[in-house]
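Student: One structure, pasted below without further comment.
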Ligand SMILES: Cc1cc2nc3c(=O)[nH]c(=O)nc-3n(C[C@H](O)[C@H](O)[C@H](O)COP(=O)(O)O)c2cc1C
């Protein structure tokens with residue numbers, strides 16, 4: 001399997017910022033059912049094995065999950081302040097949940113991911129998946145609840161991002177370096193995770 005150049009670059013950027021916890025946060029944009037852009041911060045939870053597929057955890061009851069079920073395209077904007085590099089990653093998204101429901105496009109091909117990422121969470125974070133839905137009107141009663149189930153919550157979900165374009169910008173060079181990596185069209189148009197990806201890179205004006 002070809003390891004895309006951008007993945008190696010991204011791993012390097014993460015390494016150089018390993019003393020900065022915020023380097024693991026990125027902005028995730030989706031499109032809602034009214035065709036409006038929605039954007040929020042999430043935590044990068046690592047790659048799927050040796051692939052270039054990125055993972056994020058979320059609640060199946062969240063807005064982003066519902067949006068991705070209707071439109072599985074997303075864009076990640078990730079800025080590393082220390083090295084002054086930006087990655088804009090366009091991707092298709094697959095959801096891996098404990099109890100996949102075919103109606104909402106949930107796939108279950110990476111079930112092990114669900115267990116391993118769940119087991120890394122703090123008890124407090126786990127508890128939030130057993131609590132009332134995100135965006136429920138706040139009350140003290142709800143706030144004081146600590147609900148812990150013995151197993152993975154059915155609301156817990158791993159989002160797997162399968163990139164098809166990566167727009168990299170390095171502000172440290174003069175002139176600035178902008179590299180656009182694109183996956184081969186056959187790969188982008190078919191079930192992306194089942195094919196090896198072939199990437200091309202082009203330097204463009206920043
Ligand atoms: C630093 C930071 C990290 C976050 N990480 C996550 C995350 O990994 N997953 C997640 O679902 N929400 C995360 N959130 C919360 C989201 O940004 C967002 O507020 C919440 O998920 C509701 O968004 P939605 O209604 O668009 O789904 C994080 C917020 C911040 C500020």
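Coordinate-derived values only; no laboratory data. These numbers come from a predicted model, not from an experiment. Here the Cβ is made from the backbone with ideal geometry for all residues, glycine too, and neighbour counts use every protein chain on show.
Student: How big is the Cα convex hull of the chain in projection, averaged over all directions, in nm²?
Tutor: So the mean shadow area of the Cα hull is 13.0 nm².
Student: Also: Sorted by average packing, counted as other Cβ atoms within 10 angstrom per residue and highest first, what order do 36-45, 80-89 take?
Tutor: On the way: 36-45: 12.9, 80-89: 17.3.
Descending mean neighbour count gives 80-89, 36-45.
Student: If you average the sequence gap of Cα pairs under 8 Å that are 6 or more apart and divide by the length of the chain, what percent do you get for the contact order? Could you put the intermediate results ahead of the total?
Tutor: On the way: 380 pairs, mean separation 42.5, N = 206.
So the answer I get is 21 percent.
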